[in-house]
Amino acid sequence: MESLTQKKISISLDQKQFLANYKKLGFSDQSSIVREALNRFIKELKTKERKELMKKKAGELLRDYTEDRTLTAFTDLDGEEFL
């Protein structure tokens, strides 16, 4: 298991009440809920960053893929059945 550190944070009363129900939610303690939420948020942010980077790169390559004849040579076959 990874090493854990303590961090003091401020939360709203609603959040405090939510965390108090950790057992009903299937967690071993309140900290595990916060860790799970942070892990999911981090994953979501990384996914968003990757999508934004892919969108940016696609935009940068759009001209090449629409005008470079070596890259568009097979687009005439779009819609053709191969089997």
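Compute the longest continuous run of the chain that contains no exposed GluC sites (Glu not before Pro); treat a site as exposed when its DSSP state is not H, G, I, E or B and it has at most 16 other Cβ atoms within 10 Å.
On the way: sites that count: GLU2, GLU80, GLU81.
Maximal segment without exposed cleavage sites: 3-79.
By how many degrees, between 0 and 90 and to the nearest 10, does the Cα long axis of helix 30-67 differ from the longest principal axis of the chain?
10 degrees
Just to confirm the filter: which trypsin sites (Lys or Arg not before Pro) across the stretch 14-83 are DSSP coil and have at most 12 other Cβ within 10 angstrom of their Cβ? Intermediate values should be presented prior to the final figure.
Details: sites: LYS16, LYS23, LYS24, ARG35, ARG40, LYS43, LYS46, LYS48, ARG50, LYS51, LYS55, LYS56, LYS57, ARG63, ARG69; in loops: LYS23, LYS24.
Of the trypsin sites (Lys or Arg not before Pro), the ones in loops of the stretch 14-83 whose Cβ has at most 12 other Cβ atoms within 10 Å are LYS23, LYS24.
Longest segment of the chain with no chymotrypsin sites (Phe, Trp or Tyr not before Pro) in a DSSP loop having at most 13 other Cβ atoms within 10 Å? Write out the running numbers ahead of the final one.
Details: sites that count: PHE74, PHE82.
It runs 1-73.
Please compute the volume of the convex hull spanned by the alpha-carbon atoms of the chain and report it per residue in Å³. Before the final figure, lay out each step's value.
Values: hull volume 22.3 nm³, N = 83.
Convex hull of Cα atoms, per residue: 269 Å³.
Values in this text are rule-based calculations from the coordinates and carry no lab data. Remember, it's a predicted structure, so these values are computed and weren't measured experimentally. Ideal geometry is used to build each Cβ from the backbone, glycine not excepted, and the neighbour counts take in all protein chains shown.
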